[in-house]
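Novice: Sharing a structure here in C-alpha cells format.
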Amino acid sequence: MTQRITFIGFGEAATAFVDGWTDVPDIRAFDIKTGDEAQRPTLLSRYQEHGVAGRLSVKDAVTDADMVFCTVTADQAPVAAQAAAPYLKQGALWFDMNSCAPSSKRQAAETIEAAGARYVDVAVMAPVYPQQNLAPLLLAGPHAAEAEQLLKALPMSPTVVEGPVGSASSIKMIRSIMMKGMEALTAECVLAAVNAGVDEAVLSSLGKSYPGIDWPFQAAYNLERSLVHGVRRAAEMREVAKTVTDLGFPSDMATATVVWQERLGAVERDKELDLEAADYRTIVADITPGLRHKD
C-alpha cells in the first residue's frame, strides 16, 4: 500500500531524502517560509524542482498523511508539532527528525500522541549528503519497531534504540558536544594560529598528538561546515546545552560552542569562495576581518 508522505520543513534534509527515493509517488510539503512573501517564490520553486506537491498551510499538508517527517529547525520542533496535531490522521506516524534535547522531544511527543497520532524520536547520525535517504538514523519510542520496517521500505537506514522517546536524541545530542565543539575549537585555534604566523607549527604539533588526522584538511573542512551551517548548528547546540543542563551538569562547553557556531554562520565575508575547495589559510584570510574585534 502506498504511504502518503508529508514533510514539515523543506530544507536540506527533506530535499536530500526526497531526491534519494525513486518510487514514492505521493509526497507533500509545507514550509513556514512560504508565509513570507519574499521567500515564497523560492520555496514554491523548490517544491517543483524536487517533484513534491507544495502546500500553503500545515493543515493542507498533513491531512490524510500516513507518515509525516518533521524536518524544521531545532527550536521549532515542539511548535511544529503543536501546529500540525489538530489535523493529523488517527494513527499517522510523526517522525521528529530534529536535533532536539530529549525533553523537547518528549514535549512534542505528548502533543502528537494526545492527537491520536504516533510519535517516533529520530536522530539523523550523519550529514545527509552524500548518503541522502540512506544516512543512518536512530529510532526510539513505543512505535520505533513498526516505523523501522516502513522506513526501510522507502528505503532508509534506520536502527532501533531501546528505550523511551528521547533515547535516540540523547545519543545525538551528547555526541554533538564533541563533534560541533571540535568545529568551534578549530575555528578559534586556527584563526589565532594563522594570524600569529604559527599555523604550520601548531598543526604539525596536533598531528603528533593525534596521529591519523590530516589537520590542514580537517581545519578547512571544519571551518566550511560552520560557515555554511553555523546558524543551524547553533540552534542544535542550544538543545545540546539543554540536554546537559537537564541531566544536572554545567553546559559551559556546549554554550560556548553556540556562540562560535552562530558567529561563524553569520560572519561577514569579503568574497564568495568555493569553501569546499578552499584551503584553511584562504578561508581564514576571508573571514578574519569579519571576526576581529573592532574596538
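Novice: Counting Lys and Arg as +1 and Asp and Glu as -1, each charge on the Cβ, what is the dipole of segment 5-165 about the Cα centre in debye, to the nearest 20? Don't jump to the answer; show the numbers that get you there.
Specialist: On the way: 11 positive and 19 negative charges, 31 e Å.
Rounded to the nearest 20 debye, it is 160 debye.
Novice: Moving on to the next point. In Å and on Cα atoms, what radius of gyration and Dmax does segment 172-291 show?
Specialist: In order Rg, Dmax, the Cα atoms of segment 172-291 give 14.5, 44 Å.
Novice: Another question about this same structure. Tally Lys/Arg at +1 and Asp/Glu at -1 over every other residue whose Cβ is under 14 Å from the Cβ of SER226; what's the total?
Specialist: Overall, the nearby charge balance is -1.
Novice: Tell me, what does the Kirkwood hydrodynamic radius of the chain come to in angstroms if you use every pair of distinct C-alpha atoms?
Specialist: 20.3 Å
Novice: Using per-residue counts of other Cβ atoms within 10 Å, averaged over each peptide, order 208-218, 98-108, 14-24 from highest down.
Specialist: Highest to lowest by the protection proxy: 98-108, 14-24, 208-218.
Novice: Also, I was wondering about something else. Counting other beta carbons within 10 Å of each residue's own, what order do LYS172, LYS242 fall into, fewest first?
Specialist: By the 10 Å Cβ count, ascending: LYS242, LYS172.
Novice: Could you list which residues have their amide H under 5 Å from that of PHE7, counting only those 5 or more apart in sequence or on another chain, with H placed in the peptide plane?
Specialist: Placed amide hydrogens put ARG28, ALA29, PHE30, PHE69 under 5 Å from PHE7.
Novice: Hey, which of these cross-link pairs are over 19 Å Cα-Cα: LYS59/LYS152; LYS59/LYS105; LYS180/LYS208; LYS105/LYS242; LYS33/LYS242? If you can, show how the numbers build up before the last one.
Specialist: Numbers: LYS59/LYS152 27 Å; LYS59/LYS105 22 Å; LYS180/LYS208 23 Å; LYS105/LYS242 12 Å; LYS33/LYS242 26 Å.
As for pairs spanning more than 19 Å Cα to Cα, those are LYS59/LYS152; LYS59/LYS105; LYS180/LYS208; LYS33/LYS242.
Novice: Shifting gears a bit: Classify segment 73-196 from the C-alpha gyration tensor, please: rounded if a/c falls under 1.5, else prolate or oblate depending on whether a/b exceeds b/c.
Specialist: Prolate is the answer for segment 73-196, as a/c is 1.5 or above and a/b outweighs b/c.
A short reminder: the numbers here are calculations on the coordinates, not readings from a lab. All values reported here derive from a predicted model rather than from experimental measurement. Note that we place each Cβ from the backbone using ideal geometry, even for glycine, and neighbour counts take in every protein chain shown.
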